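One structure is given below, encoded as structure tokens.
Computed from the coordinates by the stated procedures, all read-outs in this text should not be read as laboratory data. A quick note: this is a predicted structure, and the numbers were derived from the prediction, not measured. Glycine also receives a Cβ, built like all others from the backbone with ideal geometry; neighbour counts cover every protein chain displayed.
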Amino acid sequence: MATLSSATIQTIQRAINQQRLMETAIALVGVPSPTCSAGAVADRLAAILTDDGFTVERPVADWPEAPAVVVRFQSGKPGRTLQFDGHLDTVHLPFVPPRVEDGIFYGSGASDMKGGIAAFVEALRVLRETDSLPGGGSLLTAHDHHEGPWGDRRQVYAFMRDGIVGDAVLLPEYLADRLPVAGRGMAIFEVRITRDGEPVHEVLRPAGIADVVKTGTTLVNRLYELGEQLKSVTAPYVGSDSTFVGRIQAGEIYNQSPTLCTVNGTRRWVTPGQGKAIQAEFEQVVQALARETNTQISVDYHIQGEAWQLDQTQPIVTAFQDAYSAITGAPLALGAKPFVDDGSSYITTGGIPAITHGPDAKGAHTLNEAVPVAELVRVAQVYALTAIGFCGG
Ligand SMILES: [Zn+2]
């Protein structure tokens, strides 16, 4: 892979147009788009790209309410395809209209992630205007259905199923202080412990009656004992496996034996591909306890994301670091991704290397989203230069 020339770097830095980028960002934030209702903003983005002269496709991608927005920009020469993927939906909070004040961009989705999508669009415009892609192409994909619990990410899964993917993916989530090369898997559980019979006064309990409160506390203790053992299961950057209990609930009053106790928490792991085996181990712990305590125990266990590691020898990692260094003077430190995003899905489900890198933005999932305009310009430059390094390779 050729490293970026100083002429190329200068060309891209000069060509990224802050005013045009911000007009797009303001236009996108100006259309409210809570998750599962992003159709109008998808139409807006499609119109902007069409006005720019791009050919826009609108695959339904399993969500007719908001067909996705797809642009395939080709250099006409052989090479790799870099996908820019972003979600147009925002969390369900009251709408905050767009505004720019003292170099900071505010509004619903400014940080998460319409600002980042505008930076993608600007990068794509500049790649075309400067004719600087040495080969391959760029695939822009924008979609709904990202934010939970309202969305189920079906459009990203549809892209993977239908081959609407690149050879690597860049995602503009608000993570700027590290290059995420690993992430833990995560599952949420609810354990429901019940016993036969009705609630009964403490002193009127039949002999040998099961005790759901005691069983619940025993479960909590066992999960924490397991958690202590799991501290030795480690991987670089992400730490170790863990168990956590955030809620235990039972009982009506102090001297009545209840029939139900619930325990809620998380199980996280560091080893890719272990999600199902860890779920089976969890079920075993719980069912052994049910047998010992003469209770019935059911488990609601939902895997939110599998553990993953990004192969650091992938060309996208080199291309990204070259681009990042060109703009900032040094490569980005490697680290863990603290959240599960669509990039995690591209890696674990699609087997496609994905880098999450966006503006150093604040206030995601609050009413105070705020992103420096200079950060949007910076990431647009990094995105365009990453495409040049990656696609030509
Ligand atoms: Zn986001």
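Would you please classify the overall shape of segment 62-145 from the alpha carbon gyration tensor, given that a ≥ b ≥ c denote the square roots of the eigenvalues, rounded means a/c under 1.5, and beyond that prolate means a/b larger than b/c while oblate covers the rest?
oblate
When DSSP beta bridges are limited to those with both residues in the chain, what percentage is antiparallel, rounded to the nearest 5?
Just about 75 percent of them are antiparallel.
What residue among THR217, LEU170, VAL126 has its Cα farthest toward the positive end of the dipole of segment 120-236, where the charges are +1 on Lys, Arg and -1 on Asp, Glu, each on the Cβ?
With unit charges placed on the Cβ atoms, the residue in question is THR217.
In whole percent, what relative contact order does segment 330-378 give with Cα contacts below 8 Å and a gap of six or more residues?
21 percent
To the nearest 500 deg cm²/dmol, what mean residue ellipticity at 222 nm is calculated for the chain from DSSP H runs of n ≥ 4 alone, each contributing -39,500 (n - 2.57), summed and divided by the residues?
It lands at -11500 deg cm²/dmol.
Alpha carbon centre of segment 346-381 versus segment 33-50: separation in Å?
The two parts, judged by their Cα centres, are 19 Å apart.
How much length is gained if the chain between GLN256 and VAL299 is pulled fully straight, taking 0.36 nm per residue apart and subtracting their Cα-Cα distance, in nm to one decimal?
Full extension from GLN256 to VAL299 adds 13.0 nm.
Write down the radius of gyration of the chain and its Dmax, each obtained from C-alpha positions, in Å.
24.6, 86
Find how many whole Å separate the alpha carbon centroid of segment 126-192 from the alpha carbon centroid of segment 220-269.
31 Å
For the chain, set up a GNM with springs between Cα atoms under 10 Å and report which of GLN309, GLN296, GLN18 has the largest fluctuation.
GLN296
From Cα pairs below 8 angstrom and at least 6 apart in sequence, can you work out the relative contact order of segment 185-305, rounded to a whole percent?
Once normalised by length, the contact order is 45 percent.
Quick one: Karplus J couplings for segment 45-52, per residue in order, coefficients 6.51, -1.76, 1.60, θ = phi - 60°, nearest Hz, x for Gly and Pro?
4, 4, 5, 4, 5, 5, 4, 6
Let's see if you can work this out: charge +1 on each Lys and Arg Cβ, -1 on each Asp and Glu Cβ, no other charges. What is the dipole magnitude of segment 185-305 about its Cα centre, in debye to the nearest 20?
The calculation lands at about 240 debye.
Would you work out which of ALA40, VAL263, ASN17 lies farthest towards the positive end of the dipole of the chain? Charges go on Cβ: Lys and Arg +1, Asp and Glu -1.
Farthest towards the positive end: ASN17.
Which residue, LEU127, LEU376, LEU226, has the most motion in a Gaussian network model of the chain that connects Cα atoms within less than 10 Å?
Ranking LEU127, LEU376, LEU226 by mean-square fluctuation puts LEU226 first.
Against the longest alpha carbon principal axis of the chain, how many degrees, from 0 to 90 and to the nearest 10, is the axis of helix 212-230 turned?
Helix 212-230 and the main axis of the chain meet at about 50 degrees.
Dipole of the chain, Cα-centred, from +1 at each Lys and Arg C-beta and -1 at each Asp and Glu C-beta, to the nearest 20 debye?
Around 520 debye, computed over the chain.
Could you work out the relative contact order of the chain? I mean the mean sequence separation of Cα pairs under 8 Å and 6+ apart, divided by the number of residues, in percent.
Averaging sequence separation for qualifying contacts and normalising by length gives 25 percent for the chain.
Here is the link list: LYS114/LYS276; LYS214/LYS337; LYS337/LYS362. Which ones come out longer than 26 Å on Cα distance?
Where the Cα-Cα span goes over 26 Å, the pairs concerned are LYS114/LYS276; LYS214/LYS337.
Could you check which residue among TYR301, TYR324, TYR383 shows the biggest mean-square fluctuation in a GNM of the chain with a 10 Å Cα cutoff?
TYR301
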